[in-house]
1. For segment 136-155, how many residues meet the condition of being among the β-branched types (Val, Ile, Thr) and surrounded by 21 or more Cβ atoms within 10 Å (Cβ to Cβ)?
2. Regarding segment 3-17, can at least one residue be identified that is on the phi < 0 side of the Ramachandran plot and over 25 Å from the mean Cα position of the chain (by Cα)?
3. Among the residues of segment 91-110, are any touching a helix residue (DSSP H, G or I) at 6+ places or on another chain (Cβ under 6 Å), of a type in the set (Gly, Ala, Ser) and at pLDDT 90 or above?
4. Would you say Ala124 is in contact (Cβ under 8 Å) with a residue 24 or more places away in the chain, surrounded by fewer than 18 Cβ atoms within 10 Å (Cβ to Cβ), among the aliphatic types (A, V, I, L, M) and out of contact with any Phe, Trp or Tyr (no Cβ under 8 Å at 6 or more places or on another chain)?
5. Which numbered condition trips up Val65, out of (1) more than 17 Å from the chain's Cα centre (by Cα); (2) more than 30 Å from Gly148 (Cβ to Cβ); (3) at pLDDT below 90?
6. Is it the case that Val65 is touching a Phe, Trp or Tyr at 6+ places or on another chain (Cβ under 7 Å), of a type outside the set (D, E, K, R), within 30 Å of Trp55 (Cβ to Cβ) and crowded, with 18+ Cβ neighbours inside 10 Å?
7. Run down Gly138, Gly144 and say which single residue is modelled with pLDDT of 95 or more, closer than 24 Å to Leu98 by Cα and under 16 Å from the mean Cα position of the chain (by Cα).
8. Among all residue pairs at least 6 apart or on different chains, which show Cβ distances below 6 Å where the first residue, located in segment 156-176, is modelled with pLDDT of 95 or more and surrounded by fewer than 21 Cβ atoms within 10 Å (Cβ to Cβ) and the second is in a strand (DSSP E or B) and not aliphatic (A, V, I, L, M)?
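The values are calculated or read from the model by the stated rules, or taken from the named source; none is laboratory data. Please read these numbers as outputs of a predicted model, since none were measured by experiment. Here the Cβ positions follow ideal geometry from the backbone for every residue, glycine too, while neighbour counts run over all protein chains shown.
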Amino acid sequence: MNKANPSHIIAAAIQRERQRAGKSLSALAAKAGLAKSTLSQLENGAGNPSVETLWAIAAALDVPVSFLFEPPGPQARLVRAGQGKLVGSDAAGFAATLLDACPPGRRRDLYRADLQPGSRRQAAPHPAGAAEHVIVVGGVLQTGPLDGQEVLNPGDYFSFPADVPHSYEALAPDTVAIIVMETS
């Protein structure tokens with residue numbers, strides 16, 4: 001099965017959100033106004049849902065439709081400074097870049113890390129499904145899973161699975177990073 005296929009992403013998301021909501025297949029189908037067989041096909045990646053069907057499922061689950069397009073589990077994601085979707089304000093000199101949206105049923109803790117060159121922080125794997133999100137504020141940081149390290153400069157954002165061994169190493173004096181730990 002190709003997990004990058006949109007129908008498989010939607011299938012996994014519907015099942016994940018249904019389970020998170022504690023609904024049976026029958027209960028969700030009834031609340032969404034769908035046949036149980038239709039919903040079952042969608043959860044198995046065999047269906048081709050219309051926009052209306054996805055809206056009905058999302059409404060029945062009380063989640064935004066975008067949740068039904070979220071791929072399962074943490075995946076590495078790197079956003080360099082100056083990249084990403086910029087959202088500006090018409091009323092003020094303000095702009096924000098959405099780096100990552102918190103998946104449903106997850107929790108995030110926020111840390112500021114101050115690092116100096118000369119030593120590497122080795123981190124043991126966190127619980128299954130954990131992810132870390134790192135934004136470098138100053139200095140230069142090498143971080144990520146041991147088999148997928150990235151060098152980050154100020155403004156860079158890197159998200160990676162943290163349920164594998166990973167590390168942090170300052171490559172410049174007075175390196176500062178914001179770290180967000182995401183768990184189920």
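1. Within segment 136-155, residues that are among the β-branched types (Val, Ile, Thr) and surrounded by 21 or more Cβ atoms within 10 Å (Cβ to Cβ) number 2.
2. Within segment 3-17 (the criterion being on the phi < 0 side of the Ramachandran plot and over 25 Å from the mean Cα position of the chain (by Cα)), the answer is no, since none of the residues qualifies.
3. No: segment 91-110 contains no residue that is touching a helix residue (DSSP H, G or I) at 6+ places or on another chain (Cβ under 6 Å), of a type in the set (Gly, Ala, Ser) and at pLDDT 90 or above.
4. So Ala124 fits the description; yes.
5. Going through the list (1) more than 17 Å from the chain's Cα centre (by Cα); (2) more than 30 Å from Gly148 (Cβ to Cβ); (3) at pLDDT below 90, Val65 breaks only (1).
6. It is false that Val65 is touching a Phe, Trp or Tyr at 6+ places or on another chain (Cβ under 7 Å), of a type outside the set (D, E, K, R), within 30 Å of Trp55 (Cβ to Cβ) and crowded, with 18+ Cβ neighbours inside 10 Å.
7. Exactly one residue qualifies, and that residue is Gly144.
8. Leu171/Gln142
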